[in-house]
1. Kindly write out, for region B:235-247 in residue order, the coupling ³J(HN,Hα) from the Karplus curve 6.51 cos²θ - 1.76 cosθ + 1.60 (θ = phi - 60°), rounded to whole Hz, with x marking Gly and Pro.
2. Can you give the local net charge around residue B:272? Use residues other than it whose beta-carbon is closer than 9 angstrom to its beta-carbon, Lys and Arg +1, Asp and Glu -1.
3. Under the rule a/c < 1.5 gives rounded, and otherwise a/b versus b/c splits prolate from oblate, where does chain B land using the Cα gyration tensor?
4. So what are the ³J(HN,Hα) numbers for region B:274-279, from phi and the Karplus equation (6.51, -1.76, 1.60; θ = phi - 60°), rounded to whole Hz, Gly and Pro as x?
5. If I take every Cα pair under 8 Å that is 6 or more residues apart in region A:67-169, average their sequence separation and divide by the length, what percent do I get for the relative contact order?
6. Once you charge only the Cβ atoms, +1 for Lys and Arg and -1 for Asp and Glu, what is the size of the charge dipole of region A:66-172 about its Cα centre, to the nearest 20 debye?
7. Near the amide H of residue B:158, under 5 Å away, which other amide H atoms are found, from residues 5 or more places off or on another chain, if H is placed in the peptide plane?
8. In region B:169-270, if the dipole is taken from +1 on Lys/Arg beta carbons and -1 on Asp/Glu beta carbons about the Cα centre, which of B:188, B:265, B:250 is farthest to the positive end?
Amino acid sequence: MTKIFAITQKELSGYFRSPMAYIVLLVTMSIFHVFFFIIIDHNQEATLRDVFAVMEFLFVFIVPLLTMKVFAEEKATGTMEFLMTTPTTNTAIVLGKFFGSLIFMTTIIGVIFVYYAIIEFYGSPDRLATFSGILGLWLEGALFVAIGLMASSWTRNQMVAAICTYLILFMLYFSVTLEKFLSGTLGALVSYSGVWSHTKNFSAGLITLSDVTYFVTGIVLSLLITRYCIENRLWR
Amino acid sequence: MIKAHELTKYFGRQKVLDQVSFEIGKGEIVGFLGSNGAGKTTLMRILTSFLPASSGDVSINGFDVAKKSLAVRQIVGYLPENPPLYLSMTVKDYLKFAAKLKDVAAKQCSAQVEKVMSECRLKDVEHKVIATLSKGYKQRVGIAQAIINDPSLLILDEPTSGLDPVQNLQVRNLIKNLESERTVILSTHILSEIEQVAKRVMIIKEGKVLVDERLSDLLTKSSAQKRMVLRVKGEKKCVETVLEKINDVCLLNTVSSSQEHHFDLELADEKLIHELLSCLVNEPVQILEMSPAVSRLEHTFVSMVNENND
């Protein structure tokens, strides 16, 4: 546990030592700020439902930028050799890195609470829908981070890691557009594998076991593949 | 302490290590010698459990490296060829991080970091970001992380590569001071370094151990033959006549400029130097230099590697 915490701490401070973290935070907050007022003005409704959709869309683009270096940089600089020759289990390495990225992503999501406070002050939002929406957003972010880590464990090249993550996230996020062209089992499969069909329930204030299972399974599976890849040095 | 039995490693179809077997006792300082691609780094990576062997087995302190890798990693300190440093961290933070990963007790962590920093003379840069340090300092930070948990086995892969002579000397002295009870495995291309630090030498070529001997024994063998450089000003013919007269002096190479002549010689015995000099002083030539061509270990290393090629 100490080692997981040490790696998490190192990852997190690594984010804040690089300009990328500040750029991502600034860009996210700016876009979020603009869209928040546009959406509120347009809907004339005290809800963050559409704001969550903007945040989900943003995650598709910012998460690969955050996670591309997690393993790829370690491999390129040789620090992976250091990590893997210390008495630290591969599980601890993967979890430490995952939690580090997850906490940073949670910080980004934390911005939402500022806007929640605004609508709470001026209106009476549906609290359950708001908090379940935030939970859905957080689970989706965690899944994207886990996928980003997995792609980063495949290569020592950060760009390749980012491109692989983009490909997977695009498939998960935009699969909703294929739904209308498909029917039967394939259609159902595409619908279930896309994130959209799960996050929309959270945004509506619905927390179902099926949706939670989808995200948790995706996270665990991605982390297991990550551990397998670093254990077997598959980037070589 | 280390028992390696018929270690073989393939990368794809390429055999990088070929049935390497050896034993290293506690407190020994062993130098791995070999040209680039000989298999030294691969062997070290197997010992640190970073890479698995394709076949064969190796145990450290009775722990099988493949099966009990966590136990092995607890007693091994490793400095790879390129020091594994997080450039954006400060020296102290990095060493604290290394200490946590290497199971240094939380209460002793700060004290241990301080101890290692003073041992590696890093106190003056403890708050500096690693990226801003010179190569010599970076190498010392790399060594500091390797010894942070007082490992009983220290594996150093080319610890002085790329350093200037002053940094080289500093790092070499640091390694010498680390000896004490530790077993040290050191790989380097700088053969004089091995002569100064190691007690035993393993020469590796194409994945095989060519030589595994105590350094003193190896040097005794090689001292029978000595290579010398002779630089003279004057008649080249006179020197050549002298060399022809003395048995057991072999002329390997000659390079001449308008004024000077450079002779590479191999003498069967060191005593022949006196005979050669006494003959040369009677000739109409000015002796500018007569010195050993290369270190004896270097000579042995080169001749053994070449011998095997032939």
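1. 6, 5, 4, 4, 5, 4, 5, 4, 5, 5, 5, 8, 6
2. -2
3. prolate
4. Rounded to whole hertz, the list is 4, 4, 4, 5, 5, 6.
5. Relative contact order of region A:67-169: 53 percent.
6. 180
7. B:187, B:188
8. B:188
The values are calculated or read from the model by the stated rules, or taken from the named source; none is laboratory data. The model shown is predicted, which means the values in this text are computed figures rather than measured ones. Heads up, the Cβs are rebuilt from the backbone with ideal geometry, glycines too, and the neighbour counts pull from every protein chain shown. The protein model used for the area step is the full one, side chains on, heavy atoms only, and it has no ligands, DNA or RNA in it. Shrake-Rupley method; radii C 1.70, N 1.55, O 1.52, S 1.80 Å.
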